[in-house]
1. Mind grabbing the accessible area of Ile47 for me, 1.4 Å probe, Å², rounded to tens?
2. Using a 1.4 Å probe over the heavy atoms of the protein chains, calculate the carbon and sulfur portion of the accessible area of the stretch 1-108 as a whole percent.
3. Using 7 Å Cα-to-Cβ label points, what is the Thr28/Glu44 separation (nm, one decimal)?
4. Quick one: if you stick a label point 7 Å off each Cα along the C-beta vector at Ser101 and Gln118, how many nm between them?
5. So what's the stretch 12-70 giving for Cα Rg divided by 2.2 N^0.38 Å, two decimals?
6. Semi-axes of the equivalent ellipsoid for the chain, please: Cα gyration tensor eigenvalues, times 5, square-rooted, ordered largest first, whole Å.
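The values are calculated or read from the model by the stated rules, or taken from the named source; none is laboratory data. None of the values given here were measured: they were computed from a predicted structure. Because the Cβ atoms are built from the backbone with ideal geometry, glycine has one as well, and the counts that use them run over all protein chains shown. We work out accessible area using only protein heavy atoms, side chains counted, and drop any ligands, DNA or RNA first. Shrake-Rupley method; radii C 1.70, N 1.55, O 1.52, S 1.80 Å.
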Amino acid sequence: QVQLVESGGGLVQAGGSLTLSCAASGRTFRSYGMGWFRQAPGKERDIVAAINWSGSNTYYADSVKGRFTISRDNAKNTGYLQMNSLKPEDTAVYYCAAANSLAIRVRNEYDYWGQGTQVTVSS
(Lines give C-alpha, C1' and ligand atoms only; values in the text may rest on other atoms or scores of the structure.)
Protein backbone atom coordinates (compact mmCIF):
# COMPACT_ATOMS: atom_id res chain seq x y z
CA GLN A 1 0.00 0.00 0.00
CA VAL A 2 1.13 3.52 -0.80
CA GLN A 3 -0.56 6.62 0.57
CA LEU A 4 0.09 9.95 -1.11
CA VAL A 5 -0.42 13.47 0.18
CA GLU A 6 0.06 16.51 -2.04
CA SER A 7 0.95 19.98 -0.84
CA GLY A 8 2.15 23.28 -2.25
CA GLY A 9 -0.81 24.38 -4.28
CA GLY A 10 -2.20 27.89 -4.12
CA LEU A 11 -2.96 31.07 -5.97
CA VAL A 12 -0.26 32.61 -8.14
CA GLN A 13 -0.12 35.25 -10.84
CA ALA A 14 0.62 34.36 -14.43
CA GLY A 15 4.34 34.02 -14.94
CA GLY A 16 4.88 32.91 -11.37
CA SER A 17 6.13 29.64 -9.93
CA LEU A 18 4.97 26.96 -7.53
CA THR A 19 6.47 23.72 -6.32
CA LEU A 20 4.16 20.85 -5.51
CA SER A 21 5.24 18.08 -3.18
CA CYS A 22 3.92 14.55 -2.89
CA ALA A 23 4.71 12.80 0.38
CA ALA A 24 4.40 9.03 0.21
CA SER A 25 4.06 6.48 2.95
CA GLY A 26 5.29 2.93 2.58
CA ARG A 27 8.75 1.61 1.92
CA THR A 28 7.77 0.42 -1.54
CA PHE A 29 7.34 3.94 -2.93
CA ARG A 30 10.90 3.93 -4.18
CA SER A 31 10.03 1.07 -6.52
CA TYR A 32 7.00 2.84 -8.02
CA GLY A 33 6.77 5.15 -10.95
CA MET A 34 5.24 8.49 -10.07
CA GLY A 35 3.09 10.82 -12.05
CA TRP A 36 1.46 14.21 -11.72
CA PHE A 37 -1.96 14.69 -13.25
CA ARG A 38 -4.34 17.61 -13.38
CA GLN A 39 -8.03 18.07 -13.79
CA ALA A 40 -9.79 21.31 -14.59
CA PRO A 41 -13.56 21.71 -14.07
CA GLY A 42 -15.50 19.80 -16.69
CA LYS A 43 -12.39 18.22 -18.17
CA GLU A 44 -10.64 14.87 -18.05
CA ARG A 45 -7.80 14.13 -15.67
CA ASP A 46 -4.72 14.37 -17.85
CA ILE A 47 -1.13 13.47 -17.26
CA VAL A 48 1.24 16.38 -16.75
CA ALA A 49 4.54 14.65 -16.03
CA ALA A 50 5.85 11.28 -14.92
CA ILE A 51 9.08 9.81 -13.61
CA ASN A 52 10.22 6.24 -13.26
CA TRP A 53 11.28 4.64 -10.01
CA SER A 54 14.94 5.65 -10.26
CA GLY A 55 14.44 9.09 -11.76
CA SER A 56 16.32 8.13 -14.90
CA ASN A 57 13.31 8.46 -17.18
CA THR A 58 10.85 11.34 -17.33
CA TYR A 59 7.89 12.31 -19.45
CA TYR A 60 6.17 15.66 -19.94
CA ALA A 61 2.98 16.63 -21.66
CA ASP A 62 3.62 19.01 -24.54
CA SER A 63 1.73 21.77 -22.79
CA VAL A 64 4.23 21.90 -19.91
CA LYS A 65 7.53 21.01 -21.57
CA GLY A 66 10.22 23.50 -20.74
CA ARG A 67 8.17 24.97 -17.88
CA PHE A 68 7.62 22.09 -15.43
CA THR A 69 10.17 19.75 -13.89
CA ILE A 70 9.36 16.49 -12.15
CA SER A 71 11.74 14.97 -9.64
CA ARG A 72 11.80 12.61 -6.70
CA ASP A 73 13.83 11.93 -3.59
CA ASN A 74 13.43 8.27 -2.71
CA ALA A 75 15.32 8.71 0.54
CA LYS A 76 12.60 11.13 1.64
CA ASN A 77 9.73 9.24 -0.02
CA THR A 78 8.78 12.47 -1.73
CA GLY A 79 8.10 13.58 -5.26
CA TYR A 80 8.06 17.11 -6.63
CA LEU A 81 6.68 19.12 -9.48
CA GLN A 82 8.41 22.44 -10.05
CA MET A 83 6.15 24.69 -12.10
CA ASN A 84 7.54 27.85 -13.70
CA SER A 85 6.08 30.42 -16.08
CA LEU A 86 2.61 29.46 -15.01
CA LYS A 87 -0.32 30.32 -17.24
CA PRO A 88 -4.03 30.69 -16.47
CA GLU A 89 -4.66 27.47 -18.42
CA ASP A 90 -2.55 25.61 -15.84
CA THR A 91 -5.35 26.18 -13.33
CA ALA A 92 -6.57 22.80 -12.10
CA VAL A 93 -6.53 20.34 -9.24
CA TYR A 94 -3.19 18.56 -9.35
CA TYR A 95 -2.89 14.95 -8.26
CA CYS A 96 0.13 12.79 -7.69
CA ALA A 97 -0.11 9.08 -8.31
CA ALA A 98 2.05 5.97 -8.01
CA ALA A 99 2.30 3.14 -10.52
CA ASN A 100 3.77 -0.31 -10.00
CA SER A 101 4.53 -0.31 -13.69
CA LEU A 102 7.07 0.90 -16.22
CA ALA A 103 4.26 2.35 -18.32
CA ILE A 104 4.36 5.67 -16.51
CA ARG A 105 2.58 7.57 -19.32
CA VAL A 106 -0.56 5.49 -18.99
CA ARG A 107 -3.15 6.76 -16.51
CA ASN A 108 -4.72 3.36 -16.00
CA GLU A 109 -1.41 1.97 -14.79
CA TYR A 110 -1.53 4.13 -11.67
CA ASP A 111 -2.67 2.27 -8.57
CA TYR A 112 -2.56 4.93 -5.88
CA TRP A 113 -3.73 8.53 -5.91
CA GLY A 114 -3.51 11.50 -3.63
CA GLN A 115 -6.42 13.77 -2.74
CA GLY A 116 -5.23 16.59 -4.95
CA THR A 117 -4.13 20.17 -4.44
CA GLN A 118 -5.64 23.21 -6.12
CA VAL A 119 -3.48 25.41 -8.32
CA THR A 120 -5.02 28.67 -9.50
CA VAL A 121 -3.19 30.98 -11.88
CA SER A 122 -4.62 34.47 -12.26
CA SER A 123 -4.15 36.55 -15.36
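1. Accessible area of Ile47: about 30 Å².
2. Here it works out to 47 percent.
3. 2.8 nm
4. 3.1 nm
5. For the stretch 12-70, the normalised Cα radius of gyration is 1.26.
6. 23, 14, 13
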